[in-house]
Amino acid sequence: MAVLQQGLDAAAQTQINNIQKKIGKSVDDVAALIAASGKTRHSDIRDWLGETFGLGAGDANTLAHVALKTDGASAAAGLDLDDILQGIYTGKKAGQRAIHDALMVEIERFGDFEIAPKKGYVSLKRKRQFAMLGPKTNDRFELGLNLKDDVASPKIIAQKPGGMCQYAVALTAPAEIDAEIIGVLRRAYDAAG
């Protein structure tokens, strides 16, 4: 079973600090404005923040998450994983949600893990991060894998040392998720636990 992780990492905190400077309002101020707006769905709040403060989708999405958590309104506002994913898979990237969902069906079969949303992707963790899922470009999805084992595959590409993942898989459709990819993903899951 997946658990949504609610904490802020250092990169997200830096992003929030920069947003607060840009709009001239604290997260608490924004939380109060959201409450006064009457908006309750995360996607509506994200869009409203973007329009009101001239923020891009990523900044508006992050600000919505943090502001809703700050004032304790996240449950009342309907903040859930689907709302978070709507923020990631928006606009030209919306079609990639099907790839994400197909991968998650397979990963859910492995067992328990945490989902930690980031600005443009989700991180999947056990004791350590084992995968990252999200749009790489408008028309390409990327599955990042953390696995120290050697993987010899033309579709599972080793990444440069020091990156966030040791391997990456570029996907453009759910049908590309095959037994080989699921097998290596399972190895990464097992190694992280």
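No value in this document is a laboratory result; all are computed from the given coordinates. These numbers come from a predicted model, not from an experiment. Heads up, the Cβs are rebuilt from the backbone with ideal geometry, glycines too, and the neighbour counts pull from every protein chain shown.
Y167 - would you say it is in contact with a strand residue (DSSP E or B) (Cβ under 9 Å, 6 or more places away or on another chain) and under 30 Å from N18 (Cα atoms)? Explain how you work it out, then say what you get.
On the way: in contact with a strand residue (DSSP E or B) (Cβ under 9 Å, 6 or more places away or on another chain): yes; under 30 Å from N18 (Cα atoms): no.
In short, no.
Between A175, A168, the distinction of being within 22 Å of the chain's Cα centre (by Cα) and without any contact (Cβ under 8 Å) to a residue 12 or more places away in the chain belongs to A175 only. Contact map, the range 30-46: first residue surrounded by fewer than 17 Cβ atoms within 10 Å (Cβ to Cβ), second residue of a type in the set (D, E) and not in a helix (DSSP H, G or I), Cβ cut-off under 7 Å, separation 6 or more or different chains; pairs are A35/D71.
Filtering the range 156-173 to residues that are farther than 12 Å from E142 by Cα and not in a loop (DSSP other than H, G, I, E, B) leaves only A158.
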